[in-house]
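Q: Before I ask anything, here is the structure I am working with.
The values are calculated or read from the model by the stated rules, or taken from the named source; none is laboratory data. Just so you know, these numbers come straight off a predicted model, no measurement behind them. Here the Cβ positions follow ideal geometry from the backbone for every residue, glycine too, while neighbour counts run over all protein chains shown. Just so you know, the surface numbers come from the protein's heavy atoms only, side chains and all, with ligands and any DNA or RNA stripped out. Shrake-Rupley method; radii C 1.70, N 1.55, O 1.52, S 1.80 Å.
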Amino acid sequence: MLKSELIERLASEYPHMTQKDVERIVNLILDSMIETLEKGGRVELRGFGAFSVRSRPARVGRNPRTGEAVSVPAKHVPFFKSGKELRERLNLTGDDNE
């Protein structure tokens, strides 16, 4: 699902709100999550999962075309761990998955 699809779906489910208001709310939530992760925090959405930041150390990689050694700097990457409810819903068997 794209961000625009989420906004459209929420706007249709809540007709008393304008699409512009829904878009503002979605952007506010996502911006707050990003700011928290930038500060090294953790964002947990119960039943869905948790977002955090992991550090990757500097390393020596290889250019696949030339085989030459390339220095890859240290960096921070986002990490997502799914929640129990999400995992359970994804692994339903039979007709319950429809």
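Q: Output the number of the condition that Lys75 fails; it satisfies all remaining conditions of (1) in contact (Cβ under 8 Å) with a residue 24 or more places away in the chain; (2) in contact with a strand residue (DSSP E or B) (Cβ under 6 Å, 6 or more places away or on another chain); (3) charged (D, E, K, R).
A: With respect to (1) in contact (Cβ under 8 Å) with a residue 24 or more places away in the chain; (2) in contact with a strand residue (DSSP E or B) (Cβ under 6 Å, 6 or more places away or on another chain); (3) charged (D, E, K, R), Lys75 is out only on (1).
Q: Please state which one of Arg56, Arg62 is in contact with a His (Cβ under 9 Å, 6 or more places away or on another chain), over 27 Å from Tyr14 (Cβ atoms) and open to solvent by 100 Å² or more (accessible area, probe 1.4 Å). Before you say what the answer is, go through the steps one by one.
A: Details: Arg62 fails: in contact with a His (Cβ under 9 Å, 6 or more places away or on another chain).
None of the other options fit; the residue is Arg56.
Q: If you don't mind, there's one more thing I want to ask. What strands (runs of 3 or more DSSP E), lying completely within the chain, carry at least 1 residues that are under 13 Å from the mean Cα position of the chain (by Cα)? Give the steps one after another, and end with the answer.
A: On the way: elements: 43-45, 49-56, 59-62, 69-72, 75-82.
Where strands (runs of 3 or more DSSP E) fall fully within the chain and carry at least 1 residues being under 13 Å from the mean Cα position of the chain (by Cα), they are 43-45, 49-56, 75-82.
Q: Of (1) in contact with a strand residue (DSSP E or B) (Cβ under 8 Å, 6 or more places away or on another chain); (2) open to solvent by less than 80 Å² (accessible area, probe 1.4 Å); (3) at pLDDT 95 or above, Leu30 satisfies all except one. Which?
A: (1)
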